[in-house]
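Visitor: One structure, as structure tokens, below. Some questions next.
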Amino acid sequence: MIELNGIEKIYLSKTRDVHAIGNISTIINEGEFVSIVGPSGCGKSTLLHIIAGFDEPTAGRVKVAGKTVNPGTVPSALGYIFQKDTVLPWRSVRDNISLGLQYRSTPRADIDNKVAALLKLGNLQGFEDTFPHQLSGGMRRRVALLMTLACEPKLLLLDEPFGALDTHTRTLLHKELISIWRQMRQTIILVTHDLDEAVTLSDRIIVLSRPPSRILLDQHVSIPHPRDVFSVRDTPEFAEHFRTIWKVLGQEFRDAQQPADLVGGLH
Amino acid sequence: MADVQALSLSREDRLRTVARKAFWRRFRLAFWQVGLVGLAVAIWEIGTRIPFLSKNFNVFDPFFVSRPSAIILRLYDWTFGAKAGFLWPHLEATLIATLIGLVLSVSTGFVVGLLFSQKRELAIVLNPFIVALNSLPRIAFVPLITMIFGLGLASKVVTAWFIVFFLVFFNTFKGGMAIEKELIEFCRTLGANERQITRSVRIPNALGWTFTALPNAVSFSLIGVVIAEFVGSTTGMGYLIITSLATLNSADMFAALTVLSLVGVVLVSLFKLLERRLMRWSPEFREQG
């Protein structure tokens with residue numbers, strides 16, 4: 001369970017302080033797949049950074065599995081996928097996937113078994129000895145995901161992980177992500193600007209406002225599982241959810257078009 | 001079935017065409033390289049034999065510039081001819097000093113560069129001194145180095161180190177600073193502690209930047225050794241050059257220079273190969289890898 005309690009984030013700078021996160025409190029239950037959407041600059045990624053302990057909130061407190069997150073220390077059993085490529089270019093696919101297990105000094109034989117299973121899960125058999133630069137962007141994404149899954153995270157934070165991919169690759173990865181989540185039942189928090197993606201994947205969607213952000217809408221997505229990522233878009237439930245959320249989110253996008261100075265000038 | 005065969009044949013043919021094109025391209029480039037050398041040698045040889053040129057222009061006077069045929073004869077003398085074996089001790093002295101200087105400067109440059117990139121405060125405190133040292137005309141120190149370390153191997157190695165260290169240091173330092181913070185944060189989520197991050201991320205990342213400095217480092221190491229041999233030594237290719245200059249023996253000098261440039265080409269090519277091998281994970285070296 002993740003508890004966000006009065007989270008606020010202000011970036012101080014000489015010219016203009018940026019009040020990114022206004023005040024966010026919510027509870028995310030174990031095994032939930034939550035998406036966070038909102039206009040750019042609303043602190044979606046910052047929120048994930050704060051949960052992972054990469055960044056310190058200006059005010060408020062985060063608890064992961066009952067323990068308060070200490071900035072500078074990553075909570076245990078937490079996985080994080082960045083938008084940027086984070087595979088190690090000098091290691092082969094196999095050595096990348098086994099990285100987290102090596103950190104834990106797992107015995108060689110266990111590593112080999114686990115890596116073989118993960119390669120199968122990620123459809124990367126035959127690419128064990130390939131270096132990342134020889135893979136496509138989608139495959140590198142999968143390697144990063146497998147690196148994280150090797151550590152068996154209970155909480156998976158995904159920071160716009162599919163943003164840089166083409167639609168085809170993205171949809172395939174959606175499918176894989178859903179099946180992984182249904183097998184392993186981690187808690188997943190996905191930050192995205194793509195509402196289609198959010199509705200397709202998640203159980204619950206949190207819409208943030210323009211900065212300083214607060215929660216505008218906290219919507220349960222009642223589309224039943226198993227979902228087919230290709231056909232779910234055509235269902236009336238999908239359209240219904242999309243419409244409800246878009247009404248709120250679209251208005252925020254429209255309002256966010258105001259000159260940035262004006263928004264900042266309010267504080 | 002027949003269709004498949006035809007298709008596969010044409011594929012073979014196409015592969016052959018590609019290979020043939022690549023071969024001729026390499027041949028053409030090699031032809032130009034050999035041609036350029038041949039042209040320069042021909043101008044040199046013929047120019048020094050035309051009285052009008054050699055009498056009126058010092059650059060064509062064989063007293064100063066010798067001539068290719070004489071240089072080749074001298075090289076033969078030094079290796080297998082009249083003074084057989086004369087060259088080897090000098091060549092060996094220069095090569096050994098170059099390689100020791102290279103190993104020392106690359107290892108210290110790597111360690112210090114990595115350390116500075118990780119300890120921000122250390123880098124800020126010491127940076128002005130490094131920049132000041134780097135801006136000095138380092139050649140000016142060679143006589144002093146020779147006085148301190150004597151006429152042997154030590155002063156050559158120290159000179160080479162003094163010249164190459166900064167090159168490696170700055171490259172490694174830049175690489176150590178350029179590492180993406182997401183990469184480190186990601187490894188933290190995989191459970192790495194600081195020591196593990198240094199070993200699995202920071203060191204390999206910085207090493208990549210160090211390796212790309214290797215071909216330049218070996219050139220500069222050779223230059224450093226030869227300069228030290230100019231200033232004061234009793235062996236080495238630089239010693240050969242400076243003594244032949246003192247005795248006004250231009251064939252000796254150009255013979256030594258020829259050997260030196262061949263050594264440079266061979267060493268740099270070897271280290272380019274080594275770099276490519278070590279950096280085969282990098283997209284920059286994908287085509288050759």
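The values are calculated or read from the model by the stated rules, or taken from the named source; none is laboratory data. Please read these numbers as outputs of a predicted model, since none were measured by experiment. Cβ placement follows ideal geometry from the backbone for every residue including glycine, while neighbour counts extend to all protein chains displayed. These area figures cover heavy atoms from the full protein model, side chains too; ligands, DNA and RNA do not enter into them. Shrake-Rupley method; radii C 1.70, N 1.55, O 1.52, S 1.80 Å.
Visitor: Checking A:Ala59 against (1) open to solvent by 40 Å² or more (accessible area, probe 1.4 Å); (2) more than 9 Å from chain B (Cβ to nearest Cβ); (3) of a type outside the set (Ser, Thr, Tyr), which single condition isn't satisfied?
Guide: (1)
Visitor: May I pose another question? Residue under question is A:Val37, and the condition is that it be touching a Phe, Trp or Tyr at 6+ places or on another chain (Cβ under 6 Å) and either at pLDDT 95 or above or in the same structural domain as A:Thr187 (by the TED database) (or both); does it hold?
Guide: no
Visitor: Can you spot a residue in segment B:65-83 that is farther than 12 Å from B:Phe254 by Cα, buried (at least 17 other Cβ atoms within 10 Å of the Cβ) and among the β-branched types (Val, Ile, Thr)?
Guide: no
Visitor: Right, B:Glu229: acidic (Asp, Glu), in the same structural domain as B:Val142 (by TED's automatic domain parsing) and surrounded by fewer than 23 Cβ atoms within 10 Å (Cβ to Cβ) or not?
Guide: So B:Glu229 fails the test.
Visitor: Would you mention how many residues in segment A:109-139 are within 12 Å of chain B (Cβ to nearest Cβ) and either assigned to a loop (DSSP other than H, G, I, E, B) or surrounded by fewer than 19 Cβ atoms within 10 Å (Cβ to Cβ) (or both)?
Guide: Residues that pass the stated criteria total 6.
Visitor: How many residues does segment B:109-164 contain that are open to solvent by 50 Å² or more (accessible area, probe 1.4 Å) and in a loop (DSSP other than H, G, I, E, B)?
Guide: 4
Visitor: Pick from segment A:234-265 the residues that are charged (D, E, K, R) and at pLDDT below 90: which of them is nearest to A:Arg182 (Cα to Cα)?
Guide: My answer is A:Glu252.
Visitor: Considering only segment A:85-108, how many residues are aliphatic (A, V, I, L, M) and surrounded by fewer than 16 Cβ atoms within 10 Å (Cβ to Cβ)?
Guide: Total satisfying the criteria: 0.
Visitor: A further question follows. From the set of residues in segment B:174-183 that are open to solvent by 10 Å² or more (accessible area, probe 1.4 Å) and in contact with a helix residue (DSSP H, G or I) (Cβ under 8 Å, 6 or more places away or on another chain), which is nearest to A:Asp95 (Cα to Cα)?
Guide: B:Leu183
Visitor: Would you please name the residue that is most open to solvent (accessible area, probe 1.4 Å), looking only at residues in segment B:184-198 that are over 15 Å from A:Lys84 (Cα atoms) and among the charged types (D, E, K, R)?
Guide: Applying the filter and picking the extreme gives B:Arg195.
Visitor: Further, regarding this structure: What are the residue pairs meeting all of these: first residue in segment B:243-258, first residue outside any helix (DSSP H, G or I), second residue polar (S, T, N, Q) and open to solvent by less than 30 Å² (accessible area, probe 1.4 Å), Cβ atoms under 9 Å, and 6 or more apart or on different chains?
Guide: Close Cβ pairs satisfying both conditions: B:Asn249/B:Ser66.
Visitor: State the number of residues belonging to segment A:1-16 that are outside any loop (DSSP other than H, G, I, E, B) and among the basic types (Lys, Arg).
Guide: Of the residues in segment A:1-16, 1 are outside any loop (DSSP other than H, G, I, E, B) and among the basic types (Lys, Arg).
Visitor: Still on this structure, please answer the following. Tally up the residues in segment A:19-54 that are assigned to a loop (DSSP other than H, G, I, E, B), open to solvent by 40 Å² or more (accessible area, probe 1.4 Å) and touching a residue at least 40 places away in the same chain (Cβ under 8 Å), please.
Guide: Residues flagged as assigned to a loop (DSSP other than H, G, I, E, B), open to solvent by 40 Å² or more (accessible area, probe 1.4 Å) and touching a residue at least 40 places away in the same chain (Cβ under 8 Å) within segment A:19-54 amount to 4.
Visitor: Then there is this: Quick one: would you say B:Ala206 is open to solvent by less than 10 Å² (accessible area, probe 1.4 Å), of a type in the set (A, V, I, L, M, F, W, C), more than 14 Å from chain A (Cβ to nearest Cβ) and in contact with a Ser or Thr (Cβ under 9 Å, 6 or more places away or on another chain)?
Guide: So B:Ala206 fails the test.
Visitor: Take A:Lys120 and decide whether it is charged (D, E, K, R) and touching a residue at least 60 places away in the same chain (Cβ under 8 Å).
Guide: The answer is no for A:Lys120.
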